[in-house]
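I have placed the structure first, in the form of structure tokens, so that the comments after it can refer back to it.
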Amino acid sequence: MQLYTILILAFGMSMDAFAAAIGKGAALHRPPLKEALRTGLIFGVIEAITPVIGWGIGLAASQFIMSWDHWVAFTLLLILGIRMIVEAFKKDTAEETEAPRRHGFWLLVTTAVATSLDAMAVGVGLAFLQVNILVMALTIGAATTLMATSGMLLGRFLGAAIGKWAEILGGVVLIGIGTSILVEHLGLLG
């Protein structure tokens, strides 16, 4: 994978965490930088671990589907992208009446795990593409840390409305990457 593809994938994977962090930031009463960094690190660490888990699952299954690995990667990214877009439209934008000053650790972990399941599925697809999973995982984790921290800080000003559009953009990016993998593997552009 090219560096730009790795970065696009990493930031695409972080869009759902970004959207969730905006919502978390909007729900808090003026979240300080310390809380935003805490949230970003929790999201980033979990988002870095899950593609490695998926990659391991993918390696275990790779001998069975190596001849159509590009279709598997494309299908997984397509499904995840569509899911992110659909979920963005389903989200409830109701706000709580009294804003807390800090989210509990386990609430953040649960939210981070929920937003990182797509990274696990992407990890399965990456197992078929012969990429350095540690570079990918660290890049995804760093991008997610940056995006979730930024999302928390933006959430206090923008509210939940922008979170929906960030998640839609993330879904479109995943679909685009899946399509790129398929087109590149099939040699349709040259």
Exercise for the section: Within the range 100-151, track down each residue that is closer than 15 Å to residue 50 by Cβ and polar (S, T, N, Q). Expected result: 110, 111, 115, 116, 139, 144, 145
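Just to be sure before I move on: is residue 30 open to solvent by 10 Å² or more (accessible area, probe 1.4 Å) and either modelled with pLDDT under 85 or in a loop (DSSP other than H, G, I, E, B) (or both) in the structure I sent? Walk me through it before giving the result.
Details: open to solvent by 10 Å² or more (accessible area, probe 1.4 Å): yes; either modelled with pLDDT under 85 or in a loop (DSSP other than H, G, I, E, B) (or both): yes.
Judged against the criteria, residue 30 is a match.
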Practice task
Test each condition in (1) at pLDDT 85 or above; (2) among the β-branched types (Val, Ile, Thr); (3) open to solvent by 80 Å² or more (accessible area, probe 1.4 Å) for residue 46 and report the one that comes out false.
Solution key: (3)
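Just to verify a result, which residue in the range 106-123, among those that are over 14 Å from the mean Cα position of the chain (by Cα) and touching a residue at least 24 places away in the same chain (Cβ under 8 Å), is least open to solvent (accessible area, probe 1.4 Å)? Show your work before the answer.
Initial filter on the range 106-123 (over 14 Å from the mean Cα position of the chain (by Cα)): 106-110.
If we keep only those that are touching a residue at least 24 places away in the same chain (Cβ under 8 Å) too, we end up with 108-109.
Working: 108: 0, 109: 25 Å².
Result: 108.
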Handout entry: the range 69-104: number of residues that are open to solvent by 100 Å² or more (accessible area, probe 1.4 Å), at pLDDT 65 or above and farther than 29 Å from residue 131 by Cα
Key = 3
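Please find, among 60, 127, the residue that is more than 16 Å from residue 18 (Cβ to Cβ), modelled with pLDDT of 80 or more, out of contact with any Pro (no Cβ under 9 Å at 6 or more places or on another chain) and open to solvent by less than 30 Å² (accessible area, probe 1.4 Å).
On the way: 60 fails: open to solvent by less than 30 Å² (accessible area, probe 1.4 Å).
It is 127.
The values are calculated or read from the model by the stated rules, or taken from the named source; none is laboratory data. As the structure is a prediction and not an experimental result, all values here were calculated from the model. Neighbour counts run over all protein chains shown; Cβ positions are idealised from the backbone, glycine included. These accessible areas exclude ligands, DNA and RNA; they are computed on the full protein's heavy atoms, side chains included. Shrake-Rupley method; radii C 1.70, N 1.55, O 1.52, S 1.80 Å.
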